[in-house]
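Some notes on the structure that comes next.
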Amino acid sequence: MSSIITELKNGVLHIKLNRPDLLNSFNRVMALSFQEALDNANNNDEIRAVLVTGEGRAFCAGQDLQEAISSDGPELERIVREHYNPIILKLRNCQKPIVCAVNGVAAGAGANIALACDIVFSAKSASYIQAFSKIGLIPDSGGTFTLPRLIGFQKASALMMLGDKISADEAEKLGMLYKVVDDEKLMDEATACAEKLAKMPTKGLWLTKSALNQSMTNSLENQLDLEEQLQTAAGETYDYNEGVNAFLEKRKPNFKGA
Ligand code: T3D
């Protein structure tokens, strides 16, 4: 059984984490397969958006702790360097928008991988746990970068130190995610969003994501310079021309993603 299932449909690469018996926790094979799927999303022009979700009752319980303590398994340093760091960089640097449908509990690296996606939908029954402190670890997978920027330093400190489980509604209220939806509507809503993105100007969306990525660390002056540079690049795309012409001609645009 493959630990990552992929399917390309209507311009969207669906990526499903598939180790449901272990709540989709990551072992090395799954981490490397996930990276491969993200590389494919980035490099294949037919893919214009990505949708990540989990099989079964969980989204992802983070690192497979059996593997982490096994003498045959990769040591902790390699797990972070070769599994989670590349996953987060590939999510943030993927030139296609990434929607995440959190279908159940998201713990440890599983929570921080979800938060690194561009638009996060959550099932109402899902929950979020910065589980690391409970086993003496620090939050990895970009958590110490992303979470304080999403919800503020104080709330992030408390969630990371206490390791409390929070509900989807609470996570939405804190600003951790885009939208909570009823469980039975989760996949329909998240798929509709990904399919909508897949018909939009892909290059423009990537330039937007790139600007947002850099806004995390830039000064206002540097960010304004960056906007000038990226707007110039956006103005050179086919889709910009098509968008303006369609508006003026009062018709629907037909974006190519170029
Ligand atoms: O080397 C390193 O570790 C560095 C990398 C760090 C990155 C990290 O992600 S560290 C954080 C690792 N994750 C956790 O600490 C979370 C562990 N899991 C849980 O706390 C709970 O399972 C949940 C809160 C996520 C869900 O609880 P519940 O009660 O709904 O389910 P459960 O009964 O605990 O789990 C169901 C099964 O999945 C169970 O197996 P069994 O008894 O049916 O055979 C459980 O052992 C297994 N499972 C759940 N999480 C993991 C796991 N097995 C291995 N690794 C897991 N992370």
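The values are calculated or read from the model by the stated rules, or taken from the named source; none is laboratory data. A quick note: this is a predicted structure, and the numbers were derived from the prediction, not measured. As a convention, Cβ positions derive from the backbone with ideal geometry for all residues, glycine included, and neighbour counts pool all protein chains shown. For accessibility, only protein heavy atoms count, side chains too; no ligands or nucleic acids. Shrake-Rupley method; radii C 1.70, N 1.55, O 1.52, S 1.80 Å.
With each run of n ≥ 4 DSSP H residues scored as -39500 (n - 2.57), what mean residue ellipticity at 222 nm is computed for the chain after dividing by its residue count and rounding to the nearest 500 deg cm²/dmol?
Working: 11 runs with 117 residues, N = 258.
So the helix-based figure for the chain works out to -13500 deg cm²/dmol.
Tell me, rounded to the nearest percent, the portion of alpha carbon pairs in segment 4-198 spaced more than 31 Å apart.
The proportion of pairs with Cα distances above 31 Å equals 10 percent.
Where the accessible area of segment 42-108 is counted over protein heavy atoms with a 1.4 Å probe, how much of it, in %, is carbon and sulfur? Walk me through the numbers before you get to the answer.
Values: 1380 of 2930 Å².
Accessible surface attributable to carbon and sulfur in segment 42-108 totals 47 percent.
Put +1 on the Cβ of each Lys and Arg and -1 on the Cβ of each Asp and Glu in the chain; which of Q229, I151, P201 then has its Cα farthest toward the positive end of the dipole?
P201
Just the ratio, please: alpha-carbon radius of gyration of segment 117-191 over 2.2 N^0.38 Å, N its number of residues.
On the way: Rg = 12.8 Å, N = 75, 2.2 N^0.38 = 11.3 Å.
Against the compact-globule rule of thumb, the ratio is 1.13.
Students often forget the sequence filter, so: which aspartates and glutamates lie under 12 Å Cα-Cα from K199 once same-chain residues fewer than 8 apart are removed?
E46, D239
Going down the table (K124/K252; K90/K155; K124/K155), which pairs top 32 Å between alpha carbons? It would help to have the intermediate numbers written out before the result.
Details: K124/K252 34 Å; K90/K155 27 Å; K124/K155 21 Å.
Flagged as over cut-off: K124/K252.
How high is the FRET efficiency between L162 and E184 when r is their beta carbon distance and R₀ equals 30 Å, given to the nearest 0.05?
Efficiency, rounded to the nearest 0.05: 0.45.
What residues from segment 83-101 fall in the zone where the backbone N is under 13 Å from a label point 7 Å along the Cα-to-C-beta line of N43?
Residues passing the 13 Å test: none.
Please find, in a Gaussian network model of the chain (springs between Cα atoms separated by less than 10 Å), the residue of K96, K134, K16 whose mean-square fluctuation is greatest.
Maximum among the listed residues: K134.
By how many nm would the segment from R81 to K173 lengthen if fully extended, with 0.36 nm per residue of separation less the alpha-carbon distance?
On the way: separation 92, 0.36 × 92 = 33.12 nm, distance 3.23 nm.
Gain on stretching R81 to K173: 29.9 nm.
Let me know the charge dipole size of the chain about its Cα centre in debye, to the nearest 20, where only the beta-carbon of Lys, Arg (+1) and Asp, Glu (-1) is charged.
Details: 27 positive and 33 negative charges, 77 e Å.
Using Cβ point charges on Lys, Arg, Asp and Glu, the chain gives about 360 debye.
Anyone know which of G204, G56, G243 comes out most mobile in the 10 Å Cα GNM of the chain?
It is G243.
Roughly speaking, to the nearest percent, how much of segment 202-248's 1.4 Å accessible area is carbon and sulfur? Write down the numbers at each step before the final one.
Working: 1700 of 3070 Å².
About 55 percent, which is the carbon plus sulfur part of the accessible surface.
Please work out the average accessible area per residue across the chain, using the 1.4 Å probe convention, and give it in Å². Show your work: numbers first, answer last.
Working: 13440 Å² over 258 residues.
Result: 52 Å² per residue.
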